[in-house]
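Notes follow the structure.
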Amino acid sequence: MIITASRESILFRNCLDADFEDLSASFSRLHCAKDEIVVKQGDPGKHFYVVESGLLSVYNGDRKVCKLLC
């Protein structure tokens with residue numbers, strides 16, 4: 001499911017099939033616990049996340065910017 005969702009996203013829509021296959025080979029699933037912090041503002045960008053399902057909140061410092069249901 002994550003491969004299909006990623007392939008249809010605006011980020012990867014125009015990738016050549018061979019390029020997307022190479023890229024998607026590095027995808028891995030990450031299960032997160034409720035209230036788990038996945039990434040903090042200012043952290044080095046080491047990963048790219050695609051949310052398959054769940055509820056997540058986005059903060060700017062201590063201020064909640066939005067809440068998303070996926």
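The values are calculated or read from the model by the stated rules, or taken from the named source; none is laboratory data. Nothing here was measured: the structure is a model prediction, and the numbers come from that model. Counting neighbours? That spans all protein chains shown, and the Cβs are built from the backbone with ideal geometry, glycine included. When the accessible area is computed, the model is the full protein with side chains, heavy atoms only, and any ligands, DNA or RNA have been set aside. Shrake-Rupley method; radii C 1.70, N 1.55, O 1.52, S 1.80 Å.
A few comments on the model shown:
- Of the criteria (1) within 15 Å of the chain's Cα centre (by Cα); (2) in contact (Cβ under 8 Å) with a residue 12 or more places away in the chain; (3) open to solvent by 100 Å² or more (accessible area, probe 1.4 Å), which one residue 59 fails: (1)
- The set of residues in the range 39-56 that are more than 10 Å from the chain's Cα centre (by Cα) and assigned to a loop (DSSP other than H, G, I, E, B) comprises 39, 40, 41, 42, 43, 44, 45, 46, 53, 54.
- Within the range 17-70, the residues that satisfy the criterion of being over 24 Å from residue 4 (Cβ atoms) and basic (Lys, Arg) are 34, 40, 46, 63, 64, 67.
Residue-by-condition table, conditions (1) open to solvent by less than 100 Å² (accessible area, probe 1.4 Å); (2) free of Cβ contacts under 8 Å to residues at least 40 places away in the same chain; (3) in contact with a Leu (Cβ under 7 Å, 6 or more places away or on another chain); (4) over 20 Å from residue 69 (Cα atoms):
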position: 4; (1), (2), (3), (4): yes, yes, no, no
position: 9; (1), (2), (3), (4): yes, no, no, no
position: 13; (1), (2), (3), (4): no, yes, no, yes
position: 21; (1), (2), (3), (4): no, yes, no, yes
position: 25; (1), (2), (3), (4): yes, yes, no, yes
position: 30; (1), (2), (3), (4): no, yes, no, no
position: 33; (1), (2), (3), (4): yes, yes, no, no
position: 50; (1), (2), (3), (4): yes, no, no, no
position: 55; (1), (2), (3), (4): no, yes, yes, no
